[in-house]
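Scroll down for the structure; my scribbles are underneath it.
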Amino acid sequence: MHRASGVLMLLLLPLIIWMFDTSVSSEISFARFRAAFNTGASGVLLKLVALALIWAYLHHFTAGLRHLWMDVSHAAVSKQRGALTAKVTLVISLVLTVILGAKLFGLY
């Protein structure tokens, strides 16, 4: 999953660059950027792609922290502990994705 999230972020890099460029260029381009997220089916599709990107970043980040912790703590490098921390990493990334996805879709 760590590699898959990294590949997803790499593939979506042009979208990330476009979103950043559009959001900071001017007030008019920022308004267009916001409108792209709020217009019908294309807005929902863009939000779903952004949600996939959010998950990829959060999972890659939490898995990276897990790998760093495993490098520092030799007690964490066992089959049972590795399976447990992999599940915890997945749960944490999914919970954070749901929280940020709710914000993205305007639930709060």
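The numbers here are math on the coordinates, done by the rules we state, and not lab data. Since the structure is predicted, the reported quantities are computational estimates derived from the model, not experimental observations. So basically every Cβ, Gly included, is an ideal-geometry build from the backbone, and we count neighbours across all protein chains shown.
The residues of region 52-88 that are surrounded by 16 or more Cβ atoms within 10 Å (Cβ to Cβ) and of a type in the set (Ser, Thr, Tyr), listed by number, are 57, 62, 85.
Given the options 30, 105, name the one that is surrounded by fewer than 16 Cβ atoms within 10 Å (Cβ to Cβ) and touching a Lys or Arg at 6+ places or on another chain (Cβ under 7 Å). Write out each step before concluding.
Values: 30 fails: touching a Lys or Arg at 6+ places or on another chain (Cβ under 7 Å).
That would be 105, the only listed residue that is surrounded by fewer than 16 Cβ atoms within 10 Å (Cβ to Cβ) and touching a Lys or Arg at 6+ places or on another chain (Cβ under 7 Å).
When you check residue 7 against the structure, is it over 23 Å from residue 105 (Cα atoms), part of a helix (DSSP H, G or I), under 19 Å from the mean Cα position of the chain (by Cα) and not acidic (Asp, Glu), yes or no? Don't jump to the end; show me each part of the working.
Working: over 23 Å from residue 105 (Cα atoms): yes; part of a helix (DSSP H, G or I): yes; under 19 Å from the mean Cα position of the chain (by Cα): yes; not acidic (Asp, Glu): yes.
Here the answer is yes, as residue 7 does meet what is asked.
In region 81-89 there is no residue matching the filter, namely being under 22 Å from residue 7 (Cβ atoms), under 11 Å from the mean Cα position of the chain (by Cα) and of a type in the set (S, T, N, Q).
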